[in-house]
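Report on one structure; see the data block that follows.
Just so it is clear, none of the values below were taken in a lab; they were calculated from the coordinates. Predicted, not measured: the structure shown is a model, and the values here were computed from it. FYI the Cβ positions are ideal-geometry reconstructions off the backbone, even for glycines, and counts take in every protein chain you see.
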């Protein structure tokens, strides 16, 4: 009987496997049969820049669309979008751009890249129109590059300045009987503040006021230049709360008119020289990406390696920078003789100090053989700066958040919580005094606390030395600008942490000059996943699960859950990470 069951279940499993493989093969065949040819741009096309899309560093692939042979539903990467806008500048089929400004899911540095691309496009004398029912400030920043900005008559423009609110958990932990045992270096390294205090420290308040003020000043100066006004007037509108309605926005020249969607359509038709009853050839970025060759061709290769997300140890994970995986990617580019230079695009708030050091080492080895240029995105902070500091040259946007050179770790003592709240006790046997060091079931001894602080001190000293050597600065100077302090890209240039203000495109051109080549093409890493890998790692189910949880617990509660999960991942592990998770309103 046992033998029969083994044979039965083995046969049943084989049947399932062959059925699944057969289904995949069938889908591939069908997809191949019905795969459309390259999309037709058509004539008098209007390229649509929808700021509500989040343009990550690399293309977000739609596995279902790929199955059906329609990859136009993919969301292009940020650099793809910028290159497409540059291409559209000279494309006779493209007559203008419509910026959908009802939202902006992109960071400040990403928004700067988009805005600069739009400003460059305008040199072609083609039209740019921006429209949103209600336009938030970050979307307005990009929209202000347009020839005309319109909003809905009952919508408006959010113009009340920036604010950052931080969450502090110490009071909750005290009530629960949980002690946060915190170890850190850097007076500005405030990642542990939520666990050791109930409000911002003076140092954190100072640094936050400065970098937030820098972002706000950049907004004011950019808008003042586009709208032909002055920063003092714009700032007064915010401090007075003067812009409350769409009519206020029109009154103070933040918009050029109040229009409904059909009126926007009529204006675009007029700009296209079409009849009022005609159709508009709106062109989505995903479709345009498949319709034209906007990438450069050449003999030599320049590798762009995109490092986006938290820096982590362990196995390969989407949207994170896994130390082992990125060492392999960097090594592959380093050993490829056809790759003449490496552009390392960093968009990370940091993370594991060990993984950061592994990546730093590979950057240092690569630099000995070929030029290495770093391009910073929205964030290149703490561990994100660690992996950047040894490059030959570093570019950042004015609104990039960087610096934060500091280290921390924390370990909760949950003994009072277990004993007094839950009635749970622990006991055991060990062969050496420190065999159970790091358990949450008891507090650390004074000796163990010295061990933890010593480890943090050692990593911090190494971090500073890496920066001092990479930036060719005195270690005492680096210590004076480190201390966990956050800087914007503009200030980072002034203090020597960054070389130049510039985009990813600027960094690529710099790398080409350093490699002494003008005949080059770009090779991007991590490499695009195959269709089978897309199917096996489809984000659809994960996204559906996320949406279901948000619906059940609410948006704010979901954010708390994510923070709790992140906290669990860093307990007891030295971190070179941005001081806090924040949301700018």
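Give me the one-decimal nm value for the distance between modelled label points at residue 266 and residue 86, 7 Å along each residue's Cα-to-Cβ direction.
According to this spin-label approximation, the distance is 3.9 nm.
At 0.36 nm per residue, minus the direct Cα-Cα distance, what do residue 279 and residue 494 gain on full extension? Give it in nm, one decimal, please.
Extending this stretch completely gives an extra 72.3 nm.
For the range 89-208, rounded, prolate or oblate, judged on the Cα gyration tensor with a ≥ b ≥ c (square roots of eigenvalues), a/c < 1.5 rounded, else prolate if a/b > b/c?
Values: a/c = 3.95, a/b = 2.58, b/c = 1.53.
It comes out prolate by the Cα gyration axes.
First measure r as the distance between the Cβ atoms of residue 319 and residue 296, then evaluate 1/(1 + (r/R0)^6) with R0 = 25 Å and state the FRET efficiency to the nearest 0.05.
0.40
For residue 123 and residue 163, FRET efficiency with R0 = 30 Å and r from the beta-carbon atoms, rounded to 0.05?
Values: r = 36 Å, r/R0 = 1.18.
Efficiency for this residue pair is about 0.25.
Can you tell me the order of 456-467, 250-261 when each peptide is scored by its average per-residue count of other Cβ atoms within 10 angstrom, highest first?
Result, highest mean first: 456-467, 250-261.
Okay, which of the range 393-425 sit inside 20 Å, backbone N to the point 7 Å along the Cα-Cβ direction of residue 446?
413
Label-point separation (nm) for residue 235 and residue 175, each offset 7 Å from Cα along Cα-to-Cβ?
The modelled label-to-label distance comes out at 4.0 nm.
With viscosity set to 0.890 mPa s at 25 °C, what whole-number translational diffusion coefficient in µm²/s follows for the range 257-326 from Stokes-Einstein and a Kirkwood radius over Cα pairs? Numbers along the way, then the final one.
Details: Rh = 17.3 Å.
Result for D is 142 µm²/s.
What's the ranking of 141-148, 200-207, 412-419 by average number of surrounding C-beta atoms within 10 Å, highest first?
Answer by packing, highest mean first, reads 141-148, 412-419, 200-207.
Ranked from highest to lowest mean number of other Cβ atoms within 10 Å per residue, what is the order of the peptides 278-287, 228-237, 300-309, 325-334?
By packing density, highest mean first, the sequence is 300-309, 325-334, 278-287, 228-237.
Please report the equivalent ellipsoid semi-axes of the range 189-252, computed as sqrt(5 x eigenvalue) of the Cα gyration tensor, largest first, in whole Å.
On the way: eigenvalues 219, 42, 14 Å².
Over the Cα atoms of the range 189-252, the semi-axes work out to 33, 14, 8 Å.
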